[in-house]
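Okay, structure first, notes after.
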């Protein structure tokens, strides 16, 4: 056994595992009636993008910029380490460096593959509709490749040096800095692509010291293992969620939460509905607050950058999306013993969930409504949309959880 053979074996098992996962889903009926028609639809749409009057010509450039920021920040580094390696392999420096080095090389190839296909997909948008030259598009793709790989190396240091509140202070500043840098690169692509080429050359030269420094580090083993497990199970988790399989999550949280750190009552009146509502409300805010802020921030960004007629559609879509998200989180909690102990009456159960969902969605609905009303009608549209947003949030929550109540009653009968 050599480090090269060990890497090949682990890479083969990784591909085999992914193949087995997708084979459980993509049988001949799915391929024939869903996958192949979808491929044909994508090809037809892609051909239409090369026409000047295509619908993609109405996409604001800021949306492409946001996509670029998300793309360069979503890179991952594969090292193909396993838990048992700490018994033998981690003490053998030559084996460890060889395995990690081959994993970095594989990550480079994977990053180049993803960047290449993404560039081909976005080429008509950037060249036909944004009027970028072909060399500028290539320079932008090379920069995205270099930035994505460097950020995948840099993200490994975050859990080592930024813990707790330091992480939450640094990450927004980090994202703002990346956004500022991507904006500068976008400006250079339109005005002077040569400078982007010089920056790309500097980033490529920086590959060598960055990779050497990564090979020397030996304090990232447990973080590497955690990342490998998460990447390995990513598609499995996605397919389970797409199939409405929600494993039960305990309501006990191992860390002291920032919001509602004590179990003081939220609602003054004590009854079954209020107790269930505040239990769900505290659990969601304590555990899912990060995702709540991410969804809110993304929706806020979209509703700000789109045109006024589109704002109405985005406002309606987000008013429906948040109750559906609360419903999906609640379905994961439904297997908890505490929740099931409170579930004696489906009607009271759904009233409590609806009340918790309304408390979560109302602030966001009001914020989105204020922005839409001000853009459409000016200052007098703000109070109008405050009332309208509150009423829409109330009605949408009622409709969503009335359907959920019918679903649970049907499941009980079965």
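The values are calculated or read from the model by the stated rules, or taken from the named source; none is laboratory data. In this text, all values refer to a predicted model and were calculated from it rather than measured experimentally. In this analysis, Cβ positions are derived from the backbone assuming ideal geometry, glycine residues included, and neighbour counts consider all displayed protein chains.
Could you check, for the range 134-148, whether at least one of its residues is modelled with pLDDT under 80 and under 23 Å from residue 78 (Cα atoms)?
Applying the first criterion (modelled with pLDDT under 80) to the range 134-148 yields none.
No, every residue in the range 134-148 fails to be modelled with pLDDT under 80 and under 23 Å from residue 78 (Cα atoms).
Mind checking which residues of the range 181-194 are assigned to a helix (DSSP H, G or I) and within 21 Å of residue 134 (Cα to Cα)?
At the first step, the residues of the range 181-194 found to be assigned to a helix (DSSP H, G or I) are 181-191, 193-194.
Of everything in the range 181-194, those that are assigned to a helix (DSSP H, G or I) and within 21 Å of residue 134 (Cα to Cα) turn out to be 182, 183, 184, 185, 186, 187, 188, 189, 190, 191, 193, 194.
Going through the range 302-325 one residue at a time, which ones are more than 24 Å from residue 404 (Cβ to Cβ) and touching a helix residue (DSSP H, G or I) at 6+ places or on another chain (Cβ under 7 Å)?
Residues of the range 302-325 more than 24 Å from residue 404 (Cβ to Cβ): 302-314.
Within the range 302-325, 302, 303, 304, 305, 306, 308, 311, 312, 314 qualify.
So how many residues does the range 1-54 have that are under 17 Å from residue 235 (Cβ atoms) and in a loop (DSSP other than H, G, I, E, B)?
Total satisfying the criteria: 4.
Whether any residue in the range 29-36 is touching a residue at least 24 places away in the same chain (Cβ under 8 Å) and surrounded by 10 or more Cβ atoms within 10 Å (Cβ to Cβ) is what I want to check.
Of the residues in the range 29-36, the ones touching a residue at least 24 places away in the same chain (Cβ under 8 Å) are none.
There is no residue in the range 29-36 that is touching a residue at least 24 places away in the same chain (Cβ under 8 Å) and surrounded by 10 or more Cβ atoms within 10 Å (Cβ to Cβ).
Examine the range 161-174 for a residue that is touching a helix residue (DSSP H, G or I) at 6+ places or on another chain (Cβ under 7 Å) and in contact (Cβ under 8 Å) with a residue 12 or more places away in the chain, and state whether such a residue exists.
Taking the range 161-174 and keeping what is touching a helix residue (DSSP H, G or I) at 6+ places or on another chain (Cβ under 7 Å), we get 162, 167.
After this cut, where a residue has to be in contact (Cβ under 8 Å) with a residue 12 or more places away in the chain as well, the list is none.
So far as the range 161-174 goes, no, none of its residues is touching a helix residue (DSSP H, G or I) at 6+ places or on another chain (Cβ under 7 Å) and in contact (Cβ under 8 Å) with a residue 12 or more places away in the chain.
Within the range 105-130, track down each residue that is closer than 23 Å to residue 51 by Cβ and touching a helix residue (DSSP H, G or I) at 6+ places or on another chain (Cβ under 8 Å). Full working, then the answer.
Residues of the range 105-130 that are closer than 23 Å to residue 51 by Cβ, as a first pass: 117-130.
118, 119, 121, 122, 123, 124, 125, 126, 127, 128, 129, 130, listed by residue number.
Suppose we filter 367, 403 for residues that are surrounded by fewer than 18 Cβ atoms within 10 Å (Cβ to Cβ), at pLDDT below 85, in a helix (DSSP H, G or I) and in the same structural domain as residue 302 (by the TED database); which single one remains? Before you say what the answer is, go through the steps one by one.
Details: 367 fails: at pLDDT below 85.
Just a single option satisfies the conditions, and that option is 403.
Look at residue 197 and say whether it is in a helix (DSSP H, G or I), at pLDDT 85 or above and either under 24 Å from the mean Cα position of the chain (by Cα) or outside the structural domain of residue 86 (by the TED database) (or both). Before the answer, list the steps.
Numbers: in a helix (DSSP H, G or I): yes; at pLDDT 85 or above: yes; either under 24 Å from the mean Cα position of the chain (by Cα) or outside the structural domain of residue 86 (by the TED database) (or both): no.
Here the answer is no, as residue 197 does not meet what is asked.
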